[in-house]
Structures are given as C-alpha cells and as structure tokens.
Amino acid sequence: MPPAVKFKKEEIVNAALNVAGRKGMDGVTAREVARELKVSVGPIFTYYDSMDQLRSDVYEHAKARYREFIEEGLRGPVPFMGLWRQFLTFASEEPELFRMIFLTKPDNCSGGAMEALRMSQDIARESIMEVYKMDAHQADCFFRDIWLAALGFATLIVTDDCPYSMEEMLDIGREMSLSICKAYKEVPGLAEGNYDAEANFRQLMGQ
C-alpha cells in the first residue's frame, strides 16, 4: 500500500509562493520548494507533472495576494488613495512578487502588467464611479492614468532607487488624482479622445 501523501496541494503552492517571494519565479525549483516544506521532492510530483504547472499556480496565487492588497485599500475612508498606498506597499513588501506580476513578460499569452491593469480597473471601477461621480469609461481612463504613475513609483521601489518617502508619494498621488479628475470633469470629450487640445491649452494660458 503506498504511503499517505503528507501535504495538500494548497500547502505546496503556498510553499512555492514563499520561495517566489524571496527568490523570484526562477527560484521556484523542486529542490527549493521541497526545502521550504522540509521534505523530499516526492510530494510535489504527487500533484504536479512538471514544475511549469506549479509555477503557473504560483503566478495565480501571487495575483490573488496582490488583489487582497488592493481590496484592502479600497475599504479605507478615501478608497482611491487607499488603493494607491496599498499598491506601493505591495511593491515594498513583496518586491519579487511585484516583479513577477508587473515587470516580467509572461511565457504564455496571459499575464503581465497590462493584464494586471485590467484586473485592477475591474476592482476599482465601482468605487471610482461612486466617489468621483464618473461613468464607467471615465473611471477606467482615470484609473489607467493614475495607475501608470503609481507603476513608475513602484518600479523605483522594487529597483531600490526610490528617493521619495511613502508620504511624499501619497501627496503626489493626491495632486495627480485632483488634476486628472478635474480635467475629465471640465474638458468635454477628454475621456473619449474627442477634444481640442490646442484650444484647451490656449484657454488655460489665458490666450
């Protein structure tokens, strides 16, 4: 009679995710995951035919962890600024997972920064529509603009080259949020790309 399997599949994935959090996806090898579990590599291959299958599950769990960070931010008193803070916190606390999700081109057709942007838009859309009184398209455009700026800050964080404190980055986020929200409210057709940029700049300059 074969010996009972000691670990559940979820435990193996969580162990692999811990390895990825320290060493990145390249560090997710059978030997490293087994070392994390303090066993031989045998239990891993009870559930997985290859390490690529396990890495795929790790990637999905990393995205789920990112989603938890973002949803926590949206529960704050100012939902969008909570999201901004949590996005930067994720980059600071989980730099390798951040690299995996946002800064590494996926091997297959899914994944990568643009998929993460769409996922984040889906999470934040309703809150932005309610708080900023925007329709769905305006909310998505607003989020895209702010998120791309936040991605720049987060990249500085994970590359250990960020000269700004968290409070400074939050202040910049508030400035950008106000500016972009005001622009979408006051420039007709801006979200749809149907506006006269030159006329609006002349008006802004008092010409």
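One table, with the values for the structure above:
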quantity: Residues of region 117-137 with amide N under 17 Å of the 7 Å Cα→Cβ point at E192; calculated: 134-137
quantity: Ordering of 90-97, 113-120 by burial proxy (mean other Cβ atoms within 10 Å per residue, highest first); calculated: 90-97, 113-120
quantity: Sum of -39500 (n - 2.57) over DSSP H runs of 4+, divided by residues of the chain (222 nm, nearest 500); calculated: -23000 deg cm²/dmol
quantity: On Cα atoms only, tilt of 79-93 relative to the major axis of the chain in degrees; calculated: 40 degrees
quantity: Cross-link pairs beyond the 27 Å C-alpha cut-off, checked among K105/K185; K23/K63; K8/K63; K23/K105; K9/K63; calculated: K105/K185
quantity: Correct option for percent of Cα pairs over 26 Å apart [calculated from the coordinates] among [x] 46; [y] 36; [z] 28; calculated: [x]
quantity: Net charge contributed by nearby residues that have their C-beta within less than 13 Å of R35 (K/R +1, D/E -1); calculated: +2
quantity: The chain, relative contact order in percent, only Cα pairs under 8 angstrom and at least six apart counted; calculated: 16 percent
quantity: For region 1-79: accessible area per residue (Å², 1.4 Å); calculated: 60 Å²
quantity: Helix 166-186 vs. the chain, principal-axis angle (Cα, 0 to 90°, nearest 10); calculated: 50 degrees
quantity: Among L103, V28, S92 the positive-end extreme of the charge dipole of the chain (Cβ point charges); calculated: V28
quantity: Residues of region 60-91 with amide N under 15 Å of a point placed 7 Å along Cα→Cβ from R118; calculated: none
quantity: Nitroxide proxy distance, nm - points 7 Å out along Cα→Cβ at R174 and S92; calculated: 1.6 nm
quantity: Region 89-207 - percent of accessible surface contributed by carbon and sulfur, probe 1.4 Å; calculated: 52 percent
quantity: Lys, Arg +1 and Asp, Glu -1 on Cβ, resulting dipole of the chain about Cα centre, debye, nearest 20; calculated: 540 debye
quantity: Cα centre as origin, Lys/Arg/Asp/Glu Cβ charges: region 1-81 dipole, Debye; calculated: 240 debye
quantity: Lysines whose Cα lies under 16 Å from that of K182, excluding same-chain neighbours fewer than 8 positions away; calculated: K133
quantity: Nearest 10 degrees, 0 to 90: helix 51-74 Cα axis against the chain principal axis; calculated: 40 degrees
quantity: Relative contact order [Cα under 8 Å, 6+ residues apart], region 1-114, whole percent; calculated: 23 percent
quantity: Reach of K6 by Cα under 20 Å, taken over aspartates and glutamates that are not fewer than 8 positions away in the same chain; calculated: E32, E36, D49, D57
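The values are calculated or read from the model by the stated rules, or taken from the named source; none is laboratory data. Here the structure is a predicted model, which is why all the values come from computation and not from measurement. Cβ atoms come from the backbone with ideal geometry, glycine included; neighbour counts cover every protein chain shown. Heads up: the accessible areas ignore ligands, DNA and RNA and are worked out on the full protein's heavy atoms, side chains in. Shrake-Rupley method; radii C 1.70, N 1.55, O 1.52, S 1.80 Å.
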